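Working notes, structure below.
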Amino acid sequence: QVQLQESGGGLVQAGGSLRLSCSASGRTFSHYSMGWFRQAPGKEREFVAAIMWSGAIANYQDSVRGRFTISRDNAANKVYLQMDSLKPEDTAVYYCGADSTRLRSRLAVTKLEYGYWGQGTQVTVSS
């Protein structure tokens with residue numbers, strides 16, 4: 001069973017940076033594509049970024065492309081989200097997710113495709 005735990009959230013001023021970390025359990029971490037999703041008050045959980053199990057490809061929501069960078073360290077069973085040039089609209093609870101399917105041939109970018117979730121970490125960006 002995959003267990004995920006996020007860290008690194010906090011309060012930051014607009015234009016600042018944060019790096020979120022997600023620590024995963026299990027010996028097969030490298031078999032799963034990993035993603036970051038976020039949920040703002042009154043909104044549905046939405047896709048932010050994902051990286052394939054192989055690490056070969058990544059994808060981003062248009063609003064964060066060029067500002068956020070997803071990466072993974074399979075040896076450490078961790079995935080990261082480097083967030084730069086933060087905006088107030090980035091304020092949300094950020095969740096780390098693991099693809100429900102091992103070695104999926106396409107990069108999963110929808111909530112339906114992620115079967116494991118962390119508890120979330122709050123990111124608040126002040127203006």
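The values are calculated or read from the model by the stated rules, or taken from the named source; none is laboratory data. All values reported here derive from a predicted model rather than from experimental measurement. Here the Cβ is made from the backbone with ideal geometry for all residues, glycine too, and neighbour counts use every protein chain on show. Each accessible area value is taken on the protein alone, full model and side chains, heavy atoms only, with ligands, DNA and RNA left out. Shrake-Rupley method; radii C 1.70, N 1.55, O 1.52, S 1.80 Å.
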(Q) If the requirement is being closer than 19 Å to residue 98 by Cβ and free of Cβ contacts under 8 Å to residues at least 12 places away in the same chain, which of these qualifies: 62, 73? (A) 73
Q.
Take the residues in the stretch 45-59 that are without any contact (Cβ under 8 Å) to a residue 60 or more places away in the chain and in a loop (DSSP other than H, G, I, E, B); name whichever of them is least open to solvent (accessible area, probe 1.4 Å).
A. 52
Q: Tell me, please, whether a residue that is buried (at least 17 other Cβ atoms within 10 Å of the Cβ), in contact (Cβ under 8 Å) with a residue 12 or more places away in the chain and within 25 Å of residue 11 (Cβ to Cβ) can be found in the stretch 107-114.
A: no
Q: Within the stretch 78-99, identify whether any single residue is at pLDDT below 95 and either part of a loop (DSSP other than H, G, I, E, B) or open to solvent by less than 40 Å² (accessible area, probe 1.4 Å) (or both), and answer yes or no.
A: no
